[in-house]
1. Once you put a point 7 Å from the Cα of residue 208 and another 7 Å from the Cα of residue 77, both along the Cβ direction, what distance in nm separates them?
2. Using the Cα centre as the reference, give the magnitude of the dipole from point charges on the C-beta atoms of region 248-320 (Lys, Arg: +1; Asp, Glu: -1; all else neutral), rounded to the nearest 20 debye.
3. So for region 248-320, taking the charge dipole from beta-carbon charges (+1 Lys/Arg, -1 Asp/Glu), which of 297, 308, 277 sits furthest toward the positive end?
4. Calculate, in nm to one decimal, what residue 156 and residue 50 gain on full extension: separation in residues at 0.36 nm each, minus their alpha carbon distance.
5. Could you calculate the contour length gain from residue 186 to residue 359, that is, 0.36 nm times the residue separation minus the distance between their Cα atoms, to one decimal place in nm?
6. At R0 = 35 Å, how high is the FRET efficiency between residue 260 and residue 112 if r is their beta carbon distance? Nearest 0.05 is fine.
7. Please work out the FRET efficiency for the pair residue 43 and residue 165, using the Cβ-Cβ distance as r and a Förster radius of 41 Å; give the result to the nearest 0.05.
8. Grab the Cα-Cα distance for residue 59 and residue 277, subtract it from 0.36 nm times how many residues apart they are, and report the gain in nm with one decimal.
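Coordinate-derived values only; no laboratory data. Keep in mind that what you see is a predicted model, and the values were worked out from it rather than measured. Every residue, glycine as well, gets a Cβ built from its backbone with ideal geometry; the counts of neighbours run over all protein chains shown.
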Amino acid sequence: MPPGIWPLVQELIDFDSKHKEPFDAILIKWLTKQSGQPCVSPRGHRLDLFSQATPGTGTWILSTEDFQKWKDISSPDNLLFMRGFLGSGKSTLISIVIDYLEKEYRQSKGSKDVVCVYLFLCEGDTEVPSATSIWTSLILQLLQAQGPGGIAGELRSEFDECLKHSCALHPSKYIDLFKAQVNTFNTVYLMIDGLDNCPNLKDELNQQLVMDAIKGLPHNVRTILTSRTELDIRDLETIPTLLVQPQRANIEAYVTARIKADAALHCILKKHEMIDWVVESVTNLTSKSGMFLLARLHLDTLSKQGTMEAIKNALYKLPDNLDKVFHGAIEQITNKSGFRRELANHVLTWIVHAKADLTIEQIQASFAFHRSKEGGQLDRPDSGLLVSTGPRPHFQGTPFPTPSARPQISLRKRKDSGSSATSVLQNGHS
């Protein structure tokens, strides 16, 4: 069982029962086993996003007409599509919406009849989410909340049938079970962030399966979807679409808070009375780009400068879109000395090829091995530090890694909602 599922089980287990495991816990284990590796509870990720938001920012979405209609259970508009560029702040907005809804229905008398379930599908996840894993995770969240209706009869019946005939749950059944459990609540708020990260594969059209299922959900399910690109949604013009763009007031609040939190940067700017100038300059660049992420990257750059003159020079050179940020970083790497350039190329290459997140120790060990003249005779790190990177890529006809190999990074531009974003790719592969 994936470790992230266990907290769900723990909350449902009756600790006073010494002779019989509760049906709820048995059901959760069964669902987890049926679907293989379902998406784990996203609560921790959501809390991280919410804690990183500058207080008071992002709340603009709560007052928009589209959101108010979506939230109103009497409105026929129970599906809202939020679209925005990379780094525009979609995930943070979803975390703010969830926090707002949870606080609201907790304070209401019928709080047990209302539940909020959600998923954050992130680019770079080790497992590509499938339609089955998505619905399993959402069913588990419904079971965790468990309203007055308890466990749906259809869910119990399907469990009994599978045990009776010793058969697995058919993939088509998961959405039916989700609908059944949804009917035990008065209102279900469903949010899926980053549905573009649930791609259609050759053997399984996961994204299309999820979209078709969402459009067939009961009226008491209010759904918000976010995506970087317009999904292949039929009759998209009939679905309310909210374009996510950074609000100027929010950008200013974030930049001001970042400067105050950086003692060294704040001291320099305050001494020269340049705080307002920097806030306005960074805000203008970020607003022009449409990507909130740029504000963070720009402040990271300015915080590394030690003098007012250096800050001014850096500010004049700050890029106004993500492509220029990326090309600027590559240019910095290219201009570095031989060792630093080699190290940067090595780190980027390993990050691109790794099938799992890397630790600093793993990269250090790989670089030591790469530069060792002894090659395979080098003392290898403990097995716990090793990570699979898949088939060894070839650079200029030489297997990687060897002391003589010089990793090359190839670049590709990708169209993203009308804007180009630059991606680092392994040499010769997409």
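1. That separation, rounded to one decimal, is 2.9 nm.
2. Values: 10 positive and 8 negative charges, 22 e Å.
Result for region 248-320 is approximately 100 debye, rounded to the nearest 20.
3. With unit charges placed on the Cβ atoms, the residue in question is 297.
4. Extra length available between residue 156 and residue 50 comes to 34.6 nm.
5. Once the chain is fully extended between residue 186 and residue 359, it gains 57.7 nm.
6. 0.25
7. Numbers: r = 35 Å, r/R0 = 0.86.
Efficiency, rounded to the nearest 0.05: 0.70.
8. Full extension from residue 59 to residue 277 adds 75.9 nm.
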